[in-house]
Structures are given as structure tokens and as C-alpha cells.
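Worksheet: one structure, shown below.
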Amino acid sequence: MSIQISPSMLASDFARLADEAAGVADVADWLHIDVMDAHFVPNLTIGLPVVAALLKHASVPLDCHLMIADPDRWAPDYAVAGAQNVTIHAEAASAPVRTLRAIRSAGARAGLAVNPGTAIEPYADLLPEVDMVLVMTVEPGFGGQPFLDLVLPKVARARELISRHGGEIWLQVDGGVTEETIGRCAEAGADVFVAGTAVFGAQDPAAAVESLRASARAAAAGRGRGSGPG
Ligand code: DX5
Ligand code: ZN
């Protein structure tokens, strides 16, 4: 399981997106882009035109997290624009299989996200259609919220489902991921970590990415020695 860090641009200076992206380009695996539509979540952030503009400047692949009411309509367009990962919410998709397939057909990795109150088990049969499962560790909509430890058992269950299924499916956590919480996520089986405030709220965002990665690696190594499930 290789550890990846996806800094969330939501916590960066939106007026300086390309500069903020460049500041973590040497150390980040992905740039996490939170697309919010003021319907699926109460907040309104950025959409396809800004993603398309950022794609021209970013040297790191974009990990687009669509918190929108109609992902079936919009998600494939993000993949066509060039985003390398597009994640849709299980709660919002009417035709998740069709949409996940359309994302893949357009050349991107396909992600499926679940909110804290949504069980992962009903989506086990969709695993052949996904490249990444995102277990939200806060209610989506805003950065800077406290991490919800109650979600950790679901992270572990998602890892078990993925292991049982086999193949290369990544397990992402998003929300309240900090130096203090990332170890618990890695122990539970997460391997892709979104962090907004913990990266862009730090004095040195690049150093914060490296430090988060080191903490996650240490915890994942402990898990590998038999301190966790699977
Ligand atoms: C929340 C977003 C997150 C957010 C995380 O709805 O999906 O990606 O930016 O921010 P932090 O790391 O500050 O909790
Ligand atoms: Zn997100």
C-alpha cells in the first residue's frame, strides 16, 4: 500500500490558485479540488472553468471531488477536461455505474465517495467500477472541521471489502486530516489522504505535506506488522 497525499486547494488562496499549487508541486501526489454547488452541500466553490484553467498550470494531477447534486450530468466533463481522478458521491448519483464508466472512458480514475452517515456495504458490488473509495471523515461542505473518529470503523470495513475484492483500489479519507489524526486513518487502512487546513494553513505547506506523509507511513508500517485488521 503506497501512501499518497492530496492537498485540498479549498484551504489555499483562491486568488492565487496556480501559485499555491506550485508551492506543493514537488511533494504532493495530487491536488484535491473541492467542487461544491450549494445544493448537495451548502457551500459554493469552483467548477469546470476554473478546473480547466488550473489544469493548464498545474504539474500535479487533479483529484476532483464533486460535491454536487447532479454528478451524472457533470462528472464526465471533468474527466474530458483532463482531471486525472473524478470522485462522485454515492448519495447524489442516480446512475453511478453509468457515470463511473463514463469517467473511466474519458481516461480518468473513477472515485466513489460516501458521507459519514452512509454505509459502504451497499456499494460493495460497485467496486469493479471504481479506482478509489472516498470515506468522508467530516460532513462535506467546509474545510477546517474536526475529524470524526466515528467514521474509522467504516474505513477499516472499506479496506476489508477492497482486500476481499482484490485489484488496485485506493482508499481515501477527507476531512479533518491532520498530524494528529492521519495515523489513525492509516492504521484503519486508508492510503490516500486529503488535507486542506493542515497543509495550506501551515507556515510551510510543502513541509507539512512531507510531515503528513511520514506520519502516515509510520502508522501504515505498524499496521503491516499486524497491529490492524487485514
Ligand atoms: C470538505 C472537503 C475537504 C476539505 C478538507 O467538504 O471535501 O476536501 O477541503 O479540509 P480540511 O482538511 O481542512 O478538513
Ligand atoms: Zn474534498
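The values are calculated or read from the model by the stated rules, or taken from the named source; none is laboratory data. Since this is a predicted model, take the numbers as computed values, not measurements. Here the Cβ is made from the backbone with ideal geometry for all residues, glycine too, and neighbour counts use every protein chain on show.
Restricting attention to the stretch 94-132, the residues being in a loop (DSSP other than H, G, I, E, B), under 27 Å from V60 (Cα atoms) and of a type in the set (G, A, S) number 3.
Just one of (1) closer than 20 Å to V114 by Cβ; (2) touching a strand residue (DSSP E or B) at 6+ places or on another chain (Cβ under 9 Å) fails for E168. It is (2). Residues of the stretch 1-19 being away from ligand 2 (no atom under 16 Å from the Cβ) and either within 14 Å of the chain's Cα centre (by Cα) or assigned to a helix (DSSP H, G or I) (or both), which ones? I3, A15, R16, A18, D19, listed by residue number.
None of D72, D63 is within 16 Å of ligand 1 (Cβ to nearest atom) and not in a loop (DSSP other than H, G, I, E, B) except D63.
As for the stretch 23-34, it holds no residue that is over 18 Å from A195 (Cβ atoms) and either surrounded by 14 or more Cβ atoms within 10 Å (Cβ to Cβ) or modelled with pLDDT of 95 or more (or both). Looking across the stretch 37-85, the residues that are surrounded by fewer than 17 Cβ atoms within 10 Å (Cβ to Cβ) and closer than 17 Å to G143 by Cβ come down to A38, P42, N43, L44, V50. Can you tell me which residues in the stretch 1-22 are polar (S, T, N, Q) and either modelled with pLDDT under 95 or under 22 Å from L171 (Cα atoms) (or both)? If the condition is that a residue be polar (S, T, N, Q) and either modelled with pLDDT under 95 or under 22 Å from L171 (Cα atoms) (or both), then S2, Q4, S6, S8 are the ones that fit.
Can you tell me which residue within the stretch 189-230, out of those that are small (G, A, S) and closer than 17 Å to A113 by Cα, is surrounded by the fewest Cβ atoms within 10 Å (Cβ to Cβ)?
G189
Looking at (1) part of a loop (DSSP other than H, G, I, E, B); (2) within 21 Å of S12 (Cβ to Cβ), find the lone condition where A208 falls short. For A208, the failing item is (1). Put simply, of G183, G166, G175 the only residue that is within 14 Å of ligand 1 (Cβ to nearest atom) and either over 26 Å from A38 (Cα atoms) or at pLDDT 95 or above (or both) is G175.
Each row is one residue, and each column tells you yes or no for (1) in contact with a Gly (Cβ under 7 Å, 6 or more places away or on another chain); (2) farther than 29 Å from R104 by Cα; (3) more than 10 Å from ligand 1 (Cβ to nearest atom); (4) at pLDDT 95 or above.
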{"site": "P146", "(1), (2), (3), (4)": "yes, yes, no, yes"}
{"site": "R157", "(1), (2), (3), (4)": "no, no, yes, yes"}
{"site": "G196", "(1), (2), (3), (4)": "yes, no, no, yes"}
{"site": "A202", "(1), (2), (3), (4)": "no, yes, yes, yes"}
{"site": "A207", "(1), (2), (3), (4)": "no, yes, yes, yes"}
